[in-house]
Amino acid sequence: MINMKKYQTYIIASFAFIGIVTLTASPVLADNASTTSNSSSTAKHASKLDQVTARLQTRASTEINRRTTSLNKLQEKIQGMKKVSASDKSSFSTTVQGQINLLNNLKVKIDGDTDASTLKTDVQSITKSYRIYMLVMPKIEIIAAADKVSTTADLLSTYSAKLQTRVGSTSTLIADMNAKIADARTQSANAIAGVTNLTPDNGDKTVMASNTAALKAARDQVKAAVQDLKDASKDGKMIRQSLGGTATSTASTTSQ
């Protein structure tokens, strides 16, 4: 016969043991759940950081490539300058190439950045430190335009000399034509001198304002020079017409 009392005691003892195991096991299960949750959260955070990093690096690459493409085109313009001295052309070319090299080095650094703060700073430096569109490009564009003005002024001067042999030096139109040509040369030379030594502001607002003012003044001088050449060309046309159109122009006006 089964000893019911002994059996009940065994059952109670078994339940007690199960209760002890459950109580001691619960914290372990809770810790495991917490660890899993934290790991998942960390993984998600890391994934978001990776996505942000990738976006910043892609954007930086696009901006740097756009700037280096523009700078390479500037190199072509520099090489096409005819009146600018060889030493100045070399200096401008070196400046532009230096910017290209700096941007290429910056791209390598950005691609290798792992710290979010450093990456952000490096990306911001593309516009803050490397004033490609704010200074370097406008500066070279102005110099190239002024150089073209000077070249055209030489052609008009040659044309004026030919006309002068026909109408004489006392012609008011010849005098005005030569004066306009001379002023165009002066304006273009001043424009070049006004921007040649400009340097990036690197975030300095005072330097930025000074650069902006100098670039504007130079643009106005180039515009004035272009207008001078147009007026000189009109004088030449009027002289030619007075001679019955026998003299042929050897020059054409430039545009900025």
Charge context of S242, other residues only, Cβ under 12 angstrom, K/R +1, D/E -1 = +2
Computed Rg/Rh of segment 132-248, alpha carbon atoms with Kirkwood Rh = 1.16
key: Packing-based ranking, highest mean first, of 210-216, 238-244 given that Cβ atoms within 10 Å are counted   = 210-216, 238-244
ask   = Of L156, L103, how do they rank once you tally other Cβ atoms within 10 Å and put the fewest first?
value = L103, L156
Residues listed by number, segment 164-196, amide nitrogen under 20 Å from A213 label point at 7 Å toward C-beta = 190-196
ask   = How much length is gained on full extension from S169 to S117, taking 0.36 nm per residue of separation minus their Cα-Cα distance?
value = 11.6 nm
task = Could you tell me whether segment 70-163 comes out rounded, prolate or oblate from its Cα gyration tensor? Rule is a ≥ b ≥ c as square roots of the eigenvalues, rounded for a/c under 1.5, then prolate if a/b exceeds b/c, otherwise oblate.
result = prolate
ask   = Which of K77/K109; K73/K234; K128/K216 have a Cα-Cα distance over 24 Å?
value = K77/K109; K73/K234
query = So how much slack lies between K234 and Q97, counting 0.36 nm per residue of separation and subtracting their Cα-Cα distance, in nm?
reply = 45.3 nm
request  = Pairs of Cα atoms under 8 Å, at least six residues apart: use those to get the relative contact order of segment 165-221, whole percent.
outcome  = 35 percent
request  = Could you check the simple spin-label distance between D154 and T199, using points 7 Å along Cα→Cβ, in nm with one decimal?
outcome  = 3.2 nm
ask   = When Lys and Arg each count +1 and Asp and Glu each count -1, what net charge do the other residues less than 9 Å away from T151, Cβ to Cβ, add up to?
value = +1
query = Could you put T158, T152 in order, starting from the residue whose Cβ has the fewest other Cβ atoms within 10 Å?
reply = T158, T152
query = Ranked by Cβ crowding within 10 angstrom, fewest neighbours first, how are K77, K82, K139, K234 ordered?
reply = K82, K234, K77, K139
query = Using θ = phi - 60° and the Karplus form 6.51 cos²θ - 1.76 cosθ + 1.60, what ³J(HN,Hα) does each residue of segment 134-140 get, whole Hz, x for Gly and Pro?
reply = 7, 9, 4, 5, x, 4, 5
request  = Per residue of segment 163-176, in order, report the coupling 6.51 cos²θ - 1.76 cosθ + 1.60 (Karplus, θ = phi - 60°) as ³J(HN,Hα) in whole Hz, putting x for Gly and Pro.
outcome  = 5, 4, 5, 9, 10, x, 6, 7, 4, 5, 5, 5, 4, 5
inquiry  = Please compute the length gained on full extension between A179 and K82, using 0.36 nm multiplied by the number of residues separating them and subtracting their Cα-Cα distance.
reply    = 32.7 nm
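Readers should treat all values here as calculations from the given coordinates under stated rules, not as data from a laboratory. Keep in mind the model is a prediction, meaning the values are calculated, not measured. Every residue, glycine among them, receives a Cβ derived from its backbone with ideal geometry; neighbour counts consider all protein chains shown.
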